[in-house]
Amino acid sequence: MTDTPAPAAKDNLFGVCAAIGEDFGFDPIWLRVGFAVALLFSLEAVLATYAALGLVVLVSRLIAPSRKPAAAPAVAATFAMPEEPLRRAA
């Protein structure tokens, strides 16, 4: 399974699908596709389900916030340029 970069906050509507995908370990696009297909059948049911899932995500985030590990400091030596001077073409 490939890791896709998380979409920007402006690309999410409340982040419900992204949060559920993160919690259960799957790509949230599949949940979004499921909601899109379900919209063809019942707008009210999809909106009610999305709102209910949004409340579940909100409560779960308030009760047990995710603890992401702190980012490791960048190692400057890894990206350092070699100390040999550049030679100019004569």
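Numbers at a glance
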read-out: Neighbours by Cβ (under 8 Å, 6+ apart or cross-chain): first from the stretch 57-74, closer than 13 Å to Ala19 by Cα and modelled with pLDDT of 55 or more; second of a type in the set (A, V, I, L, M) and in a helix (DSSP H, G or I); value: Val57/Val16; Val57/Ala19; Val57/Ile20; Arg61/Ala19
read-out: Any pair with Cβ under 6 angstrom, 6 or more apart, that starts in the stretch 11-25 at a residue that is farther than 13 Å from Val56 by Cβ and free of Cβ contacts under 8 Å to residues at least 24 places away in the same chain and ends at one that is aliphatic (A, V, I, L, M) and part of a helix (DSSP H, G or I); value: Asn12/Ala18
read-out: Selection count where residues are in a helix (DSSP H, G or I), of a type in the set (A, V, I, L, M) and surrounded by fewer than 11 Cβ atoms within 10 Å (Cβ to Cβ), scope the stretch 38-54; value: 1
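The values are calculated or read from the model by the stated rules, or taken from the named source; none is laboratory data. In this text the structure is predicted, and so the values were computed from the model without any measurement. Glycine gets a Cβ as well: all are built from the backbone with ideal geometry, and neighbour counts include every protein chain shown.
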